[in-house]
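Working notes, beginning with the structure itself.
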Amino acid sequence: MTKNKYAREKRIARKIRSLLLDLMGRKCKICKKKKGPWHLDHKYERTWALKKHSRLDRMKRYLKDWANDNLRVLCPFCNCSDGGKRRWRKHVRSNVR
Ligand SMILES: [Zn+2]
């Protein structure tokens, strides 16, 4: 991929992410906190492998998952503590008072 194309994809991906946040509301689904940063989290299982896709392709999939009601907005803390089935680092506490 050329540098320019990469930069463009990055920009579009960022736009889609921002659009998704607008659609779902910039608020954590669990603790209702209104301050970012936000994580896009799948309610159910993600059916595709993150690593196999470019940033833009991932965002397109997120959009599709949102349309299928399989996406929500979480703050990093809730995302990390959610279910524990995912291996996030335990001490991401930068946004917790
Ligand atoms: Zn939260």
Need one number: nm distance between label points at K3 and R55, each 7 Å from Cα along Cα→Cβ, rounded to one decimal. 1.5
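Hey, fewest Cβ within 10 Å first, where do Y6, Y62, Y44 land in order?
Listed from fewest to most nearby Cβ atoms, that is Y44, Y6, Y62.
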Take the Cβ-Cβ distance between R11 and Y44 as r, set R0 to 30 Å, and report the resulting FRET efficiency rounded to the nearest 0.05. 0.50
Residues in the stretch 15-54, backbone N under 13 Å from the label point at L63 (7 Å along the Cα-to-beta-carbon vector): list them, ranges by number please. 15-21, 23
Could you compute how fast the stretch 8-72 diffuses translationally, taking Rh as the Kirkwood radius over C-alpha pairs and applying Stokes-Einstein at 20 °C with viscosity 1.002 mPa s? Give it in µm² per second. 174
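All of the numbers you see were taken from the coordinates with simple rules; none came from a lab. A quick note: this is a predicted structure, and the numbers were derived from the prediction, not measured. Positions of Cβ are generated from backbone atoms using ideal geometry, with glycine treated the same way; all protein chains shown enter the neighbour counts.
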